[in-house]
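All remarks here apply to the structure that follows.
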Amino acid sequence: MTETAVVLSTLIVFNVGLIAIGLWARRRNLDVEDFYLGGRKLGPWVAALSASASSSSAWTLLGVSGAAYAWGLPALWLFPATVGGFFINWAWVAPRVRRLSREEGAITLAEMVAPASLGSLRTTILRVIAAIVVFSFVFYIASQFEAAGKAFEATFGLSKQSSILVGACVVLAYTLLGGFWAVSVTDCLQGLLMVVAAALLPAVSLVAVGGISGLAEGLAAVGGPSIPAGQFSGVAGLLFVLAAFGITIGYPGQPHVVNRYMALRDDRALAQGRTIALAWAVLVYAGMLTVGLCARVLFADLGDAEQALFEAARQLLPAVLAGILLVAILSAVMSTVDSQLLVASSSLSHDWQRSKGAAGLAGSRLSVVAILAAATLLALAWRADIFSRVLFAWVAVGAALGPVLVIRLTGRELTPRGTLAAVLAGFLSTLVFAALPDTPGDFAERVIPFAIALAVALASVRPLRMGAVTPS
């Protein structure tokens, strides 16, 4: 059997499995809370792996390995930045989010950022948040389709347009059928596939370059990064490092990650999930950085740095094994869309419609279709690298929602006007800095918006209320 036949057969089996999961999960969706939070019954393995995969996927597999290929050793700063974000979220954010969401009956992150105590201005704030999330996540989803297009191009030679449409149809099918349960279980499978890729391919790549010493010698021989080396030294180098940690501060404000904490069934599941998620992050991010660095030594002038992972799989593995690994990567990239899609849908059908009552399951599914269509059109019309487009969406949402959420999780509340001002400050400043010329590592875009929003939020804090939110 040829490599192409193996890849196609495996892909068909995997996607049939995804749709079967959607059919299974459909029976568990009795109301909107089931559709968006799985009835708050998520166990540790599904919660940890689905949260990890949905926050990483295409950006990690193709973006991080591509950054390591393009930058060389400076890309290693991405490791503490990303793993640090996992640690903050699971150790500090998760227990407090789980408790607060249950106390207030919140289904979405927006409802925790804008609680009922904000009064008449709450509806406006919820709608502003919904608009921000939908806008940002359309970019986020489009980047995943870009990744799917690159995967299909690398594997089958199909056009980008055909690749995107195939991926969109599969994701739409199981997300519409199964909602949160289908998304979480499929993302759990995606996370396991990413572990396979992160364990197998780095090991083979290191052997190919002659081990750690061979990699070090190879990197020295290849020379500096493909972007000006001055960006990694002096003041510019410091800004580059700080920009990497701008990724870290974005983690608490990501609704597609935080909703897994809201759905955890109990404290034991949370504790076990924390251990699983941190181990996953260490393995996967270290693995993708290793693949990118090895590819930098082994394969010169790829043209597109984000093809490094595919090139390593094709060149270093037997045809059949490479085919299976490629389809595992492809399926992981495709299925990450579901979490962002479901969260954007909840913003449109639940948060925006809050004052009029919940939109119901029919309205929720209709919003899924509308958002997927918008993201698909964007992916077809605008080509951009995955790394930059994901980080734009990540920073925009993280700066808008993260500062207010962090303050709320300390047991404090903001004034209604202060909440609205902080949310807008984080989002609008991200747009401004994204439009300006890049600073080293995009420091201004990744760090300053969060700092501005946090300053506005702190200036709007009400006196400390009784019963601060702490882990139960």
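Just to be sure before I move on: is A300 more than 12 Å from L201 (Cα to Cα) and touching a Gly at 6+ places or on another chain (Cβ under 7 Å) in the structure I sent? Answer is no for this residue. Looking at L380, L454, L458, L420, just one residue is open to solvent by 30 Å² or more (accessible area, probe 1.4 Å) and modelled with pLDDT under 95, and that residue is L380. When restricted to residues that are not in a helix (DSSP H, G or I) and not aliphatic (A, V, I, L, M), the range 247-278 contains 4. Taking the range 262-294 as the range and being surrounded by 24 or more Cβ atoms within 10 Å (Cβ to Cβ) and within 19 Å of E103 (Cα to Cα) as the test, the residues that pass are M262, A263, L264.
Do we find a residue being in contact with a Gly (Cβ under 6 Å, 6 or more places away or on another chain) and either under 22 Å from F299 (Cα atoms) or assigned to a helix (DSSP H, G or I) (or both) anywhere in the range 95-102? Checked the range 95-102: no residue is in contact with a Gly (Cβ under 6 Å, 6 or more places away or on another chain) and either under 22 Å from F299 (Cα atoms) or assigned to a helix (DSSP H, G or I) (or both). Of all positions in the range 168-178, at least one carries a residue that is more than 23 Å from M288 (Cβ to Cβ), assigned to a helix (DSSP H, G or I) and modelled with pLDDT of 75 or more. Scanning the range 308-343 for residues that are out of contact with any Gly (no Cβ under 7 Å at 6 or more places or on another chain), at pLDDT 80 or above, among the aliphatic types (A, V, I, L, M) and part of a helix (DSSP H, G or I) gives L309, A312, A313, L316.
Of the residues making up the range 104-124, those that are closer than 21 Å to A269 by Cα and either free of Cβ contacts under 8 Å to residues at least 60 places away in the same chain or of a type in the set (F, W, Y) (or both) are E104, G105. A single entry from P463, P440 fulfils the requirement of being crowded, with 19+ Cβ neighbours inside 10 Å and not β-branched (V, I, T): P440.
Across the range 61-89, the number of residues qualifying as farther than 16 Å from G398 by Cβ, touching a Gly at 6+ places or on another chain (Cβ under 9 Å) and part of a helix (DSSP H, G or I) comes to 11. Just one of A281, A243 is modelled with pLDDT of 95 or more and either in contact with a helix residue (DSSP H, G or I) (Cβ under 6 Å, 6 or more places away or on another chain) or in a helix (DSSP H, G or I) (or both); which is it? None of the other options fit; the residue is A281. Of all residues in the range 243-285, exactly one satisfies the criterion of being under 14 Å from K41 (Cα atoms) and free of Cβ contacts under 8 Å to residues at least 12 places away in the same chain, namely D266. The residue that is modelled with the lowest pLDDT, among those in the range 56-84 that are open to solvent by 10 Å² or more (accessible area, probe 1.4 Å) and among the small types (G, A, S), is A70. Is it true that some residue in the range 118-135 is at pLDDT below 75, on the phi > 0 side of the Ramachandran plot and assigned to a helix (DSSP H, G or I)? The answer is no, given that none of the residues of the range 118-135 is at pLDDT below 75, on the phi > 0 side of the Ramachandran plot and assigned to a helix (DSSP H, G or I).
Any residue at all in the range 418-426 that is within 26 Å of L61 (Cβ to Cβ) and of a type outside the set (A, V, I, L, M)? Write out each step before concluding.
Applying the first criterion (within 26 Å of L61 (Cβ to Cβ)) to the range 418-426 yields none.
The answer is no; no qualifying residue exists.
The values are calculated or read from the model by the stated rules, or taken from the named source; none is laboratory data. These figures come from a predicted structure and were not determined experimentally. Neighbour counts run over all protein chains shown; Cβ positions are idealised from the backbone, glycine included. When the accessible area is computed, the model is the full protein with side chains, heavy atoms only, and any ligands, DNA or RNA have been set aside. Shrake-Rupley method; radii C 1.70, N 1.55, O 1.52, S 1.80 Å.
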